[in-house]
Amino acid sequence: MTKTVVVDRVSVAYAPDRPVLRDVSATAWPGRVLAVTGPSGAGKTTLLAAMAGILRPAAGSVTVDGAPLRDRDHAVAERVVIIPQDNGLAAILTAGENLQVALIANGVPPTDARRLTSEKLERLGLSGQADQLVEELSGGQQQRTAIARGLALHGDVLLADEVTSELDAANRQRVLDLLHDEARRGAAVVFATHDPEAAAACDAELHLIDGRAELVRE
Ligand SMILES: Nc1ncnc2c1ncn2[C@@H]1O[C@H](COP(=O)(O)OP(=O)(O)OP(=O)(O)O)[C@@H](O)[C@H]1O
Ligand SMILES: [Mg+2]
């Protein structure tokens, strides 16, 4: 079940001839956490979107275990889970429903989906929020709900985009521990972050500046 994602000399452009990622290479290994760092606008979210099959590179390739990623459906079939920077939750559903809907859509039987939902919400300190509407949760509670959902989906690859930006120190540490736990069970984890301390605790780091990989620690 372990998978390796290889980003090989990838360029991505939202508009023709205006690449926001240029010639970026990186490898996400199973059992390891790769930090993607760099200033705002450097291209971290864009890189994760390419690794999730959401954006197609203009040049270069993203492969999962050697097979070029075709699109988001292909990535989902390969169990590539993304926790997006804007959390991606349905605001008019409860925290619990957000997890259950995602799990059931991924083929998890309803009883297991209910069990996993309370288990993961509890891990993120959200047992009391399960029946609360997402739009009524604080920013940090919403962020933790999105993380709980991402963890519940049990990806072979987990792409976590700025998932600690709204959290206090204790919750930030809890989330970092959970990301490392995911790697320990064999997932390839990629964590985009502004936080140099969090990045230093990762197994490897790719530092982006203006769409280019400026520093790679492997
Ligand atoms: N949908 C889009 N259409 C056009 N340009 C975009 C789009 N999304 C991002 N960009 C541009 O691509 C560049 C990289 O953006 P990206 O979101 O990947 O940066 P980031 O490193 O994740 O930044 P942040 O730390 O603020 O989240 C930026 O210059 C941004 O303006
Ligand atoms: Mg971003």
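Values in this text are rule-based calculations from the coordinates and carry no lab data. If you're wondering where the values come from, they're calculated on a predicted model, not measured in any experiment. Neighbour counts run over all protein chains shown; Cβ positions are idealised from the backbone, glycine included.
The phi torsions of the range 85-100, fed into the Karplus equation with coefficients 6.51, -1.76 and 1.60 and a -60° offset, translate into couplings of 4, 8, 6, x, 7, 7, 5, 8, 9, 6, 4, x, 4, 4, 6, 4 Hz, rounded to whole numbers, with Gly and Pro shown as x.
Averaging over all projection directions, the Cα-based convex hull of the range 90-154 occupies 3.6 nm² in the image plane.
Around the amide H of Phe191, modelled in the peptide plane, lie the amide H atoms of Leu34, Ala35, Val36, Ala160, all under 5 Å away and 5 or more residues distant in sequence or on another chain. Comparing Leu137, Ala113, Leu151 along the charge dipole axis of the range 90-154, the residue lying farthest to the positive side is Leu151, per the Cβ-charge model. Rounded to the nearest 20, the size of the Cβ-charge dipole of the range 90-154 about its Cα centre is 220 debye, with Lys and Arg at +1 and Asp and Glu at -1. Shape annotation for the chain: C-alpha extents along the principal axes are 46, 35, 34 Å, from largest to smallest. Whole-Hz Karplus values for the range 22-31 come out as 10, 6, 8, 10, 6, 10, 9, 8, x, x Hz, taken residue by residue from phi with 6.51 cos²θ - 1.76 cosθ + 1.60 and θ = phi - 60°; glycine and proline positions read x. If you take all other residues with their beta carbon under 11 Å from the beta carbon of Ile82, and give Lys and Arg +1 and Asp and Glu -1, the sum is +1.
If the chain linking Leu133 and Ser40 were pulled fully straight, counting 0.36 nm for each residue of separation and taking away their Cα-Cα distance, it would gain 30.5 nm.
Note: relative contact order over the chain, using C-alpha pairs below 8 Å and six or more positions apart, is 33 percent.
Each residue of the range 130-140 was assigned a 3J(HN,Hα) from its phi angle through the Karplus curve 6.51 cos²θ - 1.76 cosθ + 1.60 (θ = phi - 60°); the sequence is 3, 9, 8, 5, 4, 5, 9, 8, 5, x, x Hz, with glycine and proline shown as x. Charge tally around Gly186: other residues with Cβ under 15 Å, Lys/Arg +1 each, Asp/Glu -1 each, net -1. Count Lys and Arg as plus one, Asp and Glu as minus one, and take only other residues whose Cβ is under 13 Å from that of Arg217; the net charge is then -3.
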